Structure formats: C-alpha cells, structure tokens
1. Looking at segment 194-208, which of its residues are out of contact with any strand residue (DSSP E or B) (no Cβ under 6 Å at 6 or more places or on another chain) and touching a residue at least 60 places away in the same chain (Cβ under 8 Å)?
2. Which residues, taken from segment 226-243, are in contact (Cβ under 8 Å) with a residue 12 or more places away in the chain, open to solvent by 10 Å² or more (accessible area, probe 1.4 Å) and more than 15 Å from Val278 (Cβ to Cβ)?
3. For segment 30-53, which residues satisfy the criterion of being of a type in the set (D, E, K, R) and either open to solvent by less than 60 Å² (accessible area, probe 1.4 Å) or in contact with a strand residue (DSSP E or B) (Cβ under 6 Å, 6 or more places away or on another chain) (or both)?
4. Can you spot a residue in segment 294-316 that is at pLDDT 95 or above and touching a Ser or Thr at 6+ places or on another chain (Cβ under 7 Å)?
5. Kindly list, by first and then second residue, each pair from a residue in segment 48-59 that is charged (D, E, K, R) to a residue that is open to solvent by less than 100 Å² (accessible area, probe 1.4 Å) and part of a helix (DSSP H, G or I), limited to pairs with Cβ atoms under 6 Å and residues at least 6 apart or on different chains.
6. It is to be established whether one or more residues within segment 209-225 are buried (at least 23 other Cβ atoms within 10 Å of the Cβ) and over 20 Å from the mean Cα position of the chain (by Cα).
7. Which of the residues that make up segment 82-97 are open to solvent by 50 Å² or more (accessible area, probe 1.4 Å) and either assigned to a loop (DSSP other than H, G, I, E, B) or of a type in the set (Phe, Trp, Tyr) (or both)?
8. Given the criteria touching a helix residue (DSSP H, G or I) at 6+ places or on another chain (Cβ under 6 Å) and either open to solvent by 40 Å² or more (accessible area, probe 1.4 Å) or in a helix (DSSP H, G or I) (or both), does Leu313 qualify?
Amino acid sequence: MRFVQGLKCLFCETVYPVRGLLTCPRCGITGILDVQYDYPAIRRVLTKRRLAARDERSHWRYRELLPIRADATVPALNVGWTPLTPAPALARHLGIQRLFLKDDGRNATGSLKDRASSVGVVKAREKRRGIIACASTGNAASSCAGMAASLRLRSVIFVPERAPEPKVTQLLMFGATVLRVRGSYEQAFQLCQASCEKWGWYNRNSGINPYLVEGKKTAGLEIAEQLGWQPTDWVAVSVGDGCTVAGVWKAFRELKILGLIARTPRILGVQAEGAAPVTECFFSGEPLRPMEPHTLADSIAVGVPRNWKKAVLAVRESGGTMINAGDESMLDAMWYTGRLAGIFAEPAAATAVAGLKRAVEEGIIGRRASAVALITGNGLKDVQSARSAVGQPFDIPPDGSGLDDILRAQGVAPEHANTVSADS
C-alpha cells in the first residue's frame with residue numbers, strides 16, 4: 001500500500017500508522033477512522049491519459065486510490081464499472097433537466113456492497129484470516145459471502161430476523177454459515193462484533209472497518225470518469241449507516257485534489273422517514289441519537305449508524321443536504337423508475353430517486369439541474385416489496401375471454417399499439 005499514509009480519527013483527529021487498527025484506540029468503537037493517502041504521489045501516476053489506456057473494466061482500475069497491495073489477489077467476480085444510463089423520461093417525471101442512473105444492481109451479487117466486500121476479502125487474505133464475518137440486513141451479507149466464496153474463504157453472517165428471504169437464500173447458496181438473530185440489526189451487529197473478537201475472524205462490518213468505505217467510493221470515481229470528468233450538479237445517494245454517501249463524496253473530493261475534475265457535485269443524502277438518525281444529526285448539529293428503525297427499505301434500516309459523522313461531514317462539505325422519503329414514495333419510485341427507465345431498483349435504491357423528486361418539489365433542486373441517482377441494489381433482492389409497488393398480474397382463462405377489455409383499459413389494444421407514450 002505505497003500510497004496509504006495512515007488512518008485518521010474523525011473525532012480526536014489523531015493519525016495512526018497502518019497497523020491493523022479498525023477504530024481509534026483513544027475513542028473506542030465510536031472512533032471511526034479514515035484512510036489517508038499521499039495525493040501528490042498519486043497525482044504523478046494517476047492521470048486521465050493513463051486511466052483511458054487501462055483495459056481493466058472494474059473498480060480495480062483505481063488501485064492507487066484503494067488500500068490494497070499492488071500484487072494483491074483480487075476476486076475474479078466482476079465488480080464495478082456498472083452502467084451510467086441516461087434517463088430522460090424519468091428526468092421529466094422528476095422535473096429536472098438531465099438524469100443518469102448508476103445501476104449498481106449489475107454487480108456480481110446484485111448490489112453496491114460488492115465494492116466494499118471485494119476490498120474486505122482482499123484485506124482478510126492479507127491478514128491471513130481464513131474466515132470473514134459481518135452483520136447485515138442482507139446486501140452486505142450476500143456480497144461478503146459471494147466474494148469470500150470466490151477467494152475460497154469461509155464466511156459467517158449474522159442477519160436480523162427481518163432480513164428478506166431472497167437475500168438469505170443468496171447467503172446459503174454462497175456457502176455461508178448463516179446465523180439469523182431473533183432480534184434487531186443492532187443486536188446482530190453486537191453479536192458479530194463479539195464473535196469476531198472471540199474467534200479472530202476478519203471483521204467486514206463497514207460501520208467500523210475503514211477500508212470498506214474505500215471500496216464504496218469507487219462508485220463516485222466511476223461516475224466522474226463515465227461523465228467525461230464533468231460531474232452533474234447533484235448526486236443522490238440513499239443513506240443507512242452512512243458509509244456509502246461518505247465514500248461517494250470522498251471520491252469526488254479526491255478527484256478534485258488530483259486535478260481530474262474542476263468542480264464537485266452536491267450530495268443529496270436520502271434516508272427513510274422511519275430510519276433517519278443521520279438526517280436528524282445533519283440538521284440539529286447534535287451527536288447521534290439512536291432510534292428503532294421502521295421502514296420497508298431493509299438495506300437502510302439502521303437505527304445506530306456508526307458512520308453518521310462521516311456522512312454528515314461529507315454532505316456538508318459538498319454543499320448538499322439531507323432529505324427523507326416515506327415508504328409509499330419509495331414504492332412509487334420503484335414503479336416509475338422501472339416503467340420510465342427500465343431499471344429494477346430495490347426499496348433502498350429507489351429511495352435516492354424518491355429523494356430527488358421530493359427535493360425538486362420543495363425547491364431544493366432547481367428544474368434546470370442535472371443529477372445522478374445511485375441505484376444501490378437490484379429489485380429482485382426484495383420481490384415482496386416490488387409486488388406491493390406494482391400489484392398483481394391479470395388472470396385470464398385459456399380461451400382469452402375478457403382479454404380485449406383488459407388491453408383497452410391498459411392502452412395496449414391494437415388501435416393503441418403504435419402510439420408513443422407522452423413519457424417516452
């Protein structure tokens with residue numbers, strides 16, 4: 001890790017050398033650390049020309065900005081360089097000029113969390129740990145298990161009892177030892193922490209492991225490069241623990257330091273109304289107040305976010321803001337994102353789109369603005385919520401009776417077949 005200089009505590013600002021720390025020894029588990037890099041040295045080797053010449057089409061193309069060894073063995077599964085898709089019809093629906101969707105549901109296990117887990121398993125091998133563990137509501141767990149399997153590591157996963165069945169099934173398919181805790185995510189997290197300490201497993205929990213956020217920031221690095229180094233006005237990111245939004249902002253800040261972009265976008269952090277402790281911290285200026293989460297967006301249902309300060313600092317530094325979205329607006333966003341852009345987002349991912357819509361309606365984002373919404377997970381991860389968003393199919397008999405009436409009601413009868421929708 002020739003470009004990594006140390007680990008800086010966000011609270012006491014002490015800088016430590018890299019020696020196996022996950023949190024600040026002075027501040028304890030609340031002392032979240034941030035990886036520090038030698039940017040002048042990186043600037044000499046990481047240029048637009050060199051990046052353009054690289055054949056690597058994954059997030060490993062940014063190795064100089066990742067805390068891994070140059071000769072590290074990385075998972076064979078493809079992670080990163082996910083599509084950045086223009087969504088003009090959805091932009092019109094939201095009321096803004098330009099919109100792109102960064103579809104991280106295309107990653108190997110179907111979510112952005114693969115970016116973090118891929119770094120996690122590399123670090124586990126570096127530390128000669130044969131077992132990696134995490135607590136998760138689903139996506140971090142399945143990505144951890146999948147990445148571990150690809151490098152022949154064992155994984156132990158703690159999930160709360162509300163974790164969606166498709167995500168739990170993924171874990172089992174990847175060979176993980178799955179422990180479903182009859183309790184909350186916070187209880188699963190605490191049990192995982194204690195187990196890692198007791199058994200010496202590598203701790204993949206991104207809430208306390210500073211290296212995992214570095215993997216997540218590659219989403220921001222890709223957005224900038226895919227936009228030709230001309231960022232949009234805003235980037236909307238759903239917020240649970242706070243790691244992803246902090247990582248995405250760190251990417252843009254680093255690119256500005258390195259001279260690869262001339263300006264940075266504002267960050268719109270979006271929380272679920274029933275799980276919004278980071279939003280509360282952002283507006284109150286007070287330390288975190290834990291809460292009991294109540295939202296269908298399991299991936300961001302975090303009542304005790306460890307990275308709340310990193311998230312708050314990131315959004316403030318960007319000149320952006322926080323906003324909340326209700327469960328009904330998430331379901332609506334799942335439906336119109338699919339219908340108008342052809343991308344199937346799970347509830348937590350659709351939260352970013354719902355937040356953009358509300359921000360435009362409230363005048364926070366202007367109608368001439370451009371934006372990226374980060375789609376953090378595939379809708380197949382939570383089919384039950386998707387069904388709530390779109391309803392049921394039409395049941396018809398084999399003889400097709402009643403079919404004509406249904407087609408006419410849906411506007412897809414033969415006389416409408418060649419009519420282009422106003423949303424097109």
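1. Matches in segment 194-208: Ser195, Trp199, Gly200, Asn203, Ser206, Gly207.
2. Gln226, Leu227, Trp229, Gln230, Asp233, Trp234
3. Asp34, Asp38
4. Yes, that holds for at least one residue.
5. Pairs found: Arg54/Arg61.
6. No.
7. Gln97
8. no
The values are calculated or read from the model by the stated rules, or taken from the named source; none is laboratory data. Bear in mind that the values here come from a model prediction, so they are computed numbers and not experimental data. Here Cβ is always computed from backbone atoms with ideal geometry, including for glycine, and neighbour counts include all displayed protein chains. Just so you know, the surface numbers come from the protein's heavy atoms only, side chains and all, with ligands and any DNA or RNA stripped out. Shrake-Rupley method; radii C 1.70, N 1.55, O 1.52, S 1.80 Å.
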